[in-house]
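**Q** Attaching a single structure in structure tokens format; questions to follow.
The values are calculated or read from the model by the stated rules, or taken from the named source; none is laboratory data. Being a predicted model, the structure only gives us computed values, none of them experimental. Backbone-built Cβ (ideal geometry, glycine too); neighbour counts: all protein chains shown. Accessible surface areas use protein heavy atoms only, side chains included; no ligands, DNA or RNA. Shrake-Rupley method; radii C 1.70, N 1.55, O 1.52, S 1.80 Å.
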Amino acid sequence: MIAGHIGFALGATRIRASPALIVLLGASMAPDLAEGLLRIAGASYQTATMSSHSIPAVAGLVALLAGLPMARGQGRAALLIAGLVGAHLMADYLTGLKPTWPGGPEIGLRLYHHPAVDFLLEGSIVLGGWLLYRNSLGPRARASLLTVIMLMMLIAEQAAFDSLDRFKPALHRLVDPYWP
């Protein structure tokens, strides 16, 4: 899930006293960012995924990322960040196949194998998050063409991802050598 993670971050802006959107986006994408950094550093796919998307790894990311605002007395922000980081893994269990813990099973519904269902799920999350985000803006920004373009680009990204069926196995094998 990519666009859906962004949709969660957009929706979180509507919560009172939420951190800046860039912080929410970072929290919602934290496991993917950690995995990417590990891959750049030379870790294998399995090591990077276990170190970024397993339950213990996500718990560590939650503690680290939510601990920063908590230490500054920003309890609501800490809870919101923790929720976004945790929601990342739950969402990935819907769309993909992720590890649970070292030596444990990999679980997931693999909705990426069902592009129409994946598009409906992620598109709905993006639309819902965008509507909440849009409502958090002032009247002028709410009516801005850029705000509408943001939604269109996220939906287009998801549509492109879900419609590239014949290329998807090759694309997935670039990041996941165990893709069936």
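**Q** Can you quote the Å³ per residue value for the convex hull of the Cα atoms in segment 85-144, rounded to an integer?
**A** Once divided by residue count, the hull of segment 85-144 is 87 Å³.
**Q** Per residue of the chain, what 222 nm ellipticity follows from adding -39500 (n - 2.57) for every DSSP H run with n ≥ 4, rounded to the nearest 500?
**A** Details: 9 runs with 130 residues, N = 180.
Roughly -23500 deg cm²/dmol at 222 nm, from the helical runs in the chain.
**Q** Describe numerically, in nm with one decimal, the distance between label points set 7 Å from Cα along Cα→Cβ at Ser144 and at Ala159.
**A** Result for the modelled spin labels: 2.4 nm.
**Q** Moving on to the next point. Using a 1.4 angstrom probe, figure out how much accessible area segment 103-162 has per residue, in square angstrom, rounded to the nearest whole. Write out the running numbers ahead of the final one.
**A** Working: 3530 Å² over 60 residues.
Roughly 59 Å² per residue, with all protein chains present.
**Q** Quick check: at a probe of 1.4 Å, how many percent of the accessible area of the chain sits on carbon and sulfur atoms?
**A** Percent of accessible area from carbon and sulfur atoms in the chain: 71.
**Q** Name the residue, out of Leu132, Leu61, Leu37, whose mean-square fluctuation peaks in a Gaussian network model built on the chain with Cα pairs under 10 Å.
**A** Leu37
**Q** Of Leu79, Gly26, Ile15, which is farthest on the positive side of the dipole of the chain, counting Cα position, with +1 on Lys and Arg Cβ, -1 on Asp and Glu Cβ, and the Cα centre as origin?
**A** Value: Ile15.
**Q** Under 25 °C and 0.890 mPa s, how fast does the chain diffuse according to Stokes-Einstein, given a Kirkwood radius computed over C-alpha pairs? Answer in µm²/s, whole number.
**A** The estimated diffusion coefficient comes to 144 µm²/s.
**Q** Okay, moving on. How large are Rg and Dmax for segment 50-98 when only the alpha carbon atoms are used, in Å?
**A** Every Cα atom of segment 50-98 included, Rg and Dmax give 11.5, 36 Å.
**Q** To the nearest 20 debye, what is the magnitude of the charge dipole of the chain about its Cα centre, counting +1 on the Cβ of each Lys and Arg and -1 on the Cβ of each Asp and Glu?
**A** Using only the charged Cβ atoms, the result is roughly 620 debye.
**Q** Now, a different point. Using +1 on the beta carbon of Lys and Arg, -1 on that of Asp and Glu, and nothing else charged, what's the dipole of segment 11-108 about the Cα centre, debye to 20?
**A** 400 debye
**Q** Below 8 Å between Cα atoms, with a sequence gap of 6+, how large is the relative contact order for the chain in percent? Don't skip to the end; give the middle numbers.
**A** Working: 231 pairs, mean separation 47.8, N = 180.
Result for the chain is 27 percent.
**Q** Peptides 120-131, 136-147: what's the order by average Cβ count within 10 Å, highest mean first?
**A** In decreasing order of mean packing, 120-131, 136-147 become 120-131, 136-147.
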